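The values are calculated or read from the model by the stated rules, or taken from the named source; none is laboratory data. Owing to the predicted nature of the structure, the values given are computational and were not obtained by experimental measurement. Don't worry about glycine lacking a Cβ; one is built from the backbone with ideal geometry, like all the others, and counts go over all protein chains shown. Note: accessible area is taken over every heavy atom of the protein model, side chains too, but ligands, DNA and RNA are not part of it. Shrake-Rupley method; radii C 1.70, N 1.55, O 1.52, S 1.80 Å.
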Amino acid sequence: MLERVTATAPVRAAQGTGPEQGREVPFRGGGFRPGQRRWVAPVLFVVLIALVEAGTRSGVISNLTLPRPSDVFATLVDLARSGLLWKHLAPSLGRLVVGASIGAGLGILVGVMIGLFTLVRAGLVPLVAALFPIPKIALLPLFVIWFGIDEASKYALIAFGTFTPTVVATYGAVDGVDRTLIRMGQSFGLTWLSIVRKIVLPGALPGILSGLRVSLAIAIILLVAAEMLGAEYGIGAYILEAGALYDLERLFAGVTVLSVLGLVVSFLIGRVERLLLAWRA
Amino acid sequence: MDLSLLDIGHSYGQTRVLEGISLEIPAGQVLCIVGPSGCGKSTLLRMIGGLERPAQGRVMTRGAAPEGCLNPLTFVFQDFALLPWRTVAGNVSLALEDHRLARARREAVIADVLSRTRLSDFADALPRQLSGGMRQRVAIARALAVNPAVMLLDEPLSALDAQTRELLMEDLVGLWSRAPFTAVYVTHNLAEAVRLGHRIAVLSRRPGRIREIVEIDTPLAERRTGEAGLERVQAHLWELMREEARAADAELIDA
Ligand SMILES: Nc1ncnc2c1ncn2[C@@H]1O[C@H](COP(=O)(O)OP(=O)(O)O)[C@@H](O)[C@H]1O
Ligand SMILES: [Mg+2]
């Protein structure tokens, strides 16, 4: 017969003194688990700004090294009031959207082709590797010759700069798609196009989107370079002009706008990720 | 539809994986293939399903596929191979979308296979929300949806815990009893083989050859785990495999 052990067998909570004294097992499983702390970033930001403000006011930081944050803020407010902010921002946003769309669009297309076709991969991977490290700013004169001094050369510069990192991220993402899923598709007799559309592309999407984060940041960096090419208005042009005059308040006001732009782009991609990649939990 | 394997042999580079495999797989039966790990069972199954080309020999089908069969040779994979971005119903639907079926017909098929695998309540769940056993039931539902002539199962229960495995074996027996299907069932688990196989082919270690084919007469529905007759067959299979498994294990260490 089966012996039944009662669930309520006495348990010795051996606490107290003496040789059989009990000790609780210490917890050691914490950490290594990134969580969410929404307040940390704003607090850190405010503390840093406050430190600089205090430093510049007390004279510990000289006005030649760093502008006073409150002055920069005032400059920004002026800029917004006078309507000049929008006058600079609108053409910059236009260049960013057009240039980055062309670059990222072509980059995703070429990256997927590299991921799918051996011949394309053999030809283009070395080419992309050769193009990637070229500092695009060094090619400014070339872009002017090819595309003129107008908007086209600015679009081209930003597009070129976003193209290569997007290609690399995309074909890496396509390579990373689970082969067993592709095998599964073949085993059910799916057409080539179905496998690409329903298995390869959705499977590569997470990698493509995280690649876009980098590519779009690069696009913002290149905005300033693009606006070196005879732009009257634009955040980049505004920064360059302020820099030439050593007007630190305006320089930092422009840089702040670029930072905010970066935050907005990052936020938007996060939104798209949450929308399209909800299945990832 | 019957299947015949004619003298199949294969090598990967210098490594001989399969050697002289000839097998008859008659319709309506479950053939189990057992053998030590690395002996080429998965390779053989991929060849039967046309996912890989054998270096020697041929795989032949004889006779017509059943009425309404959309994909004669259909796999069930060890790691389920579900699309994580599609719901349960969406995963089943994937197998049907490339065929010209009216939407209503497609939805009827999906509803039917989900109810046969007791998944109707989970049609809109994502794979990550399901337990391992349920995921494999989704994969089985997907396979049933195309009404296959032959199901090719590659260690379908190996990623599951013992209790889930037991339940899924009962499910498979139930599915077969209600509507007998033809299947090639690869496993290294002898208990699964004696529960589910009408015939069991034992492969040697690499290069895999057929050592013996054991037939079990007891109908699937009447087999119970731990029953004396099955235990005897299992013990006999283990005798056959024991030396092979030990030698295969030693080989892996040498390599
Ligand atoms: N695509 C492949 N390329 C090279 N070697 C392979 C490949 N697939 C399997 N093998 C080798 O062939 C042998 C048999 O593999 P497999 O069929 O997976 O064995 P099993 O399923 O019986 O464990 C193993 O030694 C494995 O390493
Ligand atoms: Mg295997």
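Kindly indicate whether B:Arg205 is buried (at least 19 other Cβ atoms within 10 Å of the Cβ) and in contact with an Asp or Glu (Cβ under 9 Å, 6 or more places away or on another chain).
yes
Among the listed residues B:Leu126, B:Leu82, B:Leu160, B:Leu119, which satisfies the condition of being more than 26 Å from B:Met1 (Cβ to Cβ), within 16 Å of ligand 2 (Cβ to nearest atom) and touching a helix residue (DSSP H, G or I) at 6+ places or on another chain (Cβ under 9 Å)?
After applying the criteria, what remains is B:Leu160.
Tell me yes or no: at least one residue of segment A:144-164 is in contact (Cβ under 8 Å) with a residue 40 or more places away in the chain, out of contact with any Cys (no Cβ under 7 Å at 6 or more places or on another chain), within 30 Å of B:Arg46 (Cβ to Cβ) and surrounded by 22 or more Cβ atoms within 10 Å (Cβ to Cβ).
No; the residues of segment A:144-164 include none that is in contact (Cβ under 8 Å) with a residue 40 or more places away in the chain, out of contact with any Cys (no Cβ under 7 Å at 6 or more places or on another chain), within 30 Å of B:Arg46 (Cβ to Cβ) and surrounded by 22 or more Cβ atoms within 10 Å (Cβ to Cβ).
Could you please find all residues in segment B:132-156 being open to solvent by 10 Å² or more (accessible area, probe 1.4 Å) and among the polar types (S, T, N, Q)?
The answer is B:Asn147, and nothing else.
If a residue has to be modelled with pLDDT of 90 or more and not in a helix (DSSP H, G or I) to count, how many in segment A:232-264 make the cut?
5
Is it true that A:Leu222 is of a type outside the set (Lys, Arg), away from chain B (no Cβ under 14 Å), outside any loop (DSSP other than H, G, I, E, B) and on the phi < 0 side of the Ramachandran plot?
Answer is yes for this residue.
Please count how many residues of segment B:49-108 are within 9 Å of chain A (Cβ to nearest Cβ) and of a type in the set (Asp, Glu).
Count: 3.
How many residues are open to solvent by 100 Å² or more (accessible area, probe 1.4 Å) and farther than 24 Å from A:Ile235 by Cβ when one looks only at segment A:31-62?
Selection size over segment A:31-62: 11.
Of all residues in segment B:9-30 being surrounded by 17 or more Cβ atoms within 10 Å (Cβ to Cβ) and more than 16 Å from ligand 2 (Cβ to nearest atom), which is nearest to the other protein chains (Cβ to nearest Cβ)?
The selected residue is B:Ile25.
Residue pairs, Cβ under 6 Å, 6 or more apart or interchain, first in segment B:37-53 and closer than 19 Å to B:Arg211 by Cβ and within 10 Å of ligand 2 (Cβ to nearest atom), second open to solvent by less than 10 Å² (accessible area, probe 1.4 Å) and in a loop (DSSP other than H, G, I, E, B). List them.
From residues that are closer than 19 Å to B:Arg211 by Cβ and within 10 Å of ligand 2 (Cβ to nearest atom), the pairs are B:Lys41/B:Gly35.
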